[in-house]
Amino acid sequence: MFSLSPERVLGQTQSAPITFYDGGWENIQISNAIAIYMIKHGFGRQAVDVDSNVPKMQNAMRSGTMDVNLEMYNNLMAEWVSAQVTDGKIVELGETYESASQGFYVPTYVIKGDAARGIKPLAPDLSSVQDLRKYLQAFRERDPDRQSKFINCIPGWACREINLIKLATYGLDNDLKSIEPKTENELNETILKEYEAGRPFITYYWAPSALPTMIDLTLLKEPAYDPACWAAIEKLLTPFQPGVPAERACAYETIPILKYATKKMVGENPDVVAFLRAMFIGSKTMGELAAYMHKQRATPEETALYFLRNHQTTWTKWVSDPVRSRVAASLSH
């Protein structure tokens with residue numbers, strides 16, 4: 001299954017690189033960097049990641065011009081994924097990691113205070129999104145801009161519109177100033193700036209990721225996820241109209257993160273696809289890699305090298321002996 005001809009090892013038969021979706025968040029950049037390194041050094045093939053967003057990724061994978069997405073958030077685009085699988089455009093390759101969650105967070109000092117920083121509790125009974133309404137005035141009074149701030153996810157990510165629909169449904173959209181950073185770095189910088197200043201804010205975030213390991217955040221409760229509730233939210237995504245509430249809203253579903261490749265990719269690159277099917281990083285390890293990337297100010301490529309050098313018992317199970325040997329040899333240089 002993993003056998004390679006000498007020509008394929010040397011990359012002499014490849015006319016175009018294998019393309020990986022880069023949606024702009026660090027987890028997918030780390031996953032891509034690991035896969036690309038192993039494809040280049042283990043299979044002798046060229047591979048690149050392509051900066052994109054969800055609509056462009058969907059169009060590219062549907063048309064076959066983008067080959068692989070290692071982190072498909074199916075709960076944010078369930079109908080699209082189902083339609084493409086049914087139509088034979090894309091093929092599921094299994095999990096990259098087993099559990100990913102998303103939600104609305106506040107700094108824990110908003111609830112408990114922080115004596116070391118001289119911060120008093122602002123909202124001691126805050127535990128749910130529904131509780132926010134009674135504290136929004138206090139948020140405004142503590143903020144230098146006199147705003148209750150909600151730091152949303154990035155335009156071009158599916159979560160942006162979903163979050164706005166949820167806030168409208170909870171009756172909070174007119175009371176919260178939605179701040180929408182353009183990149184993940186800008187998102188993190190915005191959160192850290194507010195946190196370091198000790199100001200109150202609400203933010204969207206996800207796990208596994210580095211930021212929740214760096215600062216103390218508390219997840220706000222929402223009504224439990226259920227499919228009917230989520231269908232009510234998805235109804236309003238096409239076309240999206242700001243300020244229009246759904247019939248009801250609920251928490252994001254905690255899901256495994258799955259890999260997909262185009263049918264063309266699967267047919268033309270069975271050896272690489274077999275590797276991608278076996279590639280499982282795991283939620284705990286992904287969180288550790290994201291934290292390493294932040295603490296060391298490392299690039300995704302440097303983080304991939306850290307993984308490959310320190311988690312050999314993991315990645316060596318993904319490939320055949322010849323591929324394993326070539327990757328290991330490259331790491332020793």
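Readers should treat all values here as calculations from the given coordinates under stated rules, not as data from a laboratory. Everything numeric here is computed off the predicted structure, so don't read it as measured data. Note that each Cβ is placed from the backbone with ideal geometry, even for glycine, and that neighbours are counted across all protein chains shown.
Derived scalar couplings between HN and Hα for segment 146-152 equal 6, 10, 9, 9, 10, 8, 8 Hz in order, rounded to whole Hz, by the Karplus curve 6.51 cos²θ - 1.76 cosθ + 1.60 (θ = phi - 60°), x for Gly and Pro. Label positions at Thr86 and Asn185, each projected 7 Å from the Cα along the C-beta direction, are separated by 4.1 nm.
Label separation (Arg297 vs Thr313): 3.4 nm, computed from points 7 Å beyond Cα along the C-beta direction. Normalised radius of gyration (Cα atoms, divided by 2.2 N^0.38 Å) for segment 101-234: 1.01.
Here the peptides 147-160, 187-200 are ranked by packing, the mean other Cβ count within 10 Å, and the order with the highest first is 147-160, 187-200. Work through the residues other than Lys193 whose Cβ is under 13 Å from its Cβ and net out their charges, Lys, Arg +1 and Asp, Glu -1. Net charge around Lys193: -4.
The protection proxy used here, the mean number of other Cβ atoms lying within 10 Å of each residue, ranks peptides 269-276, 310-317, 212-219 as follows, highest first: 269-276, 212-219, 310-317.
Using packing as a proxy for protection, rank 112-119, 251-258 so that the peptide with the highest average count of other Cβ atoms within 10 Å comes first. Numbers along the way, then the final one.
Working: 112-119: 12.2, 251-258: 18.5.
The densest-packed peptide leads the list: 251-258, 112-119.
Segment Tyr225..Asn174, full-extension length gain: 16.0 nm, with 0.36 nm per residue of separation and the alpha-carbon distance subtracted.
Values (i) 73, 48, 35; (ii) 68, 46, 28; (iii) 100, 44, 34 are given for comparison; Cα extents along the principal axes in Å, derived from the coordinates here, is the one labelled (ii).
Once you have a ≥ b ≥ c as the square roots of the Cα gyration tensor eigenvalues for segment 180-333, tell me rounded if a/c is under 1.5, and otherwise prolate or oblate according to whether a/b is larger than b/c. Could the numbers behind the result be given before it?
Numbers: a/c = 2.58, a/b = 1.44, b/c = 1.79.
It comes out oblate by the Cα gyration axes.
Just add up the charged neighbours of Val319: K/R +1, D/E -1, any other residue whose Cβ is under 12 Å from the Cβ of Val319.
Values: positive: Arg277, Lys317, Arg324, Arg326; negative: Asp271, Asp321.
After counting each charged neighbour, the total is +2.
With R₀ set to 45 Å, the beta-carbon distance separating Glu196 from Lys263 gives a calculated FRET efficiency near 0.40.
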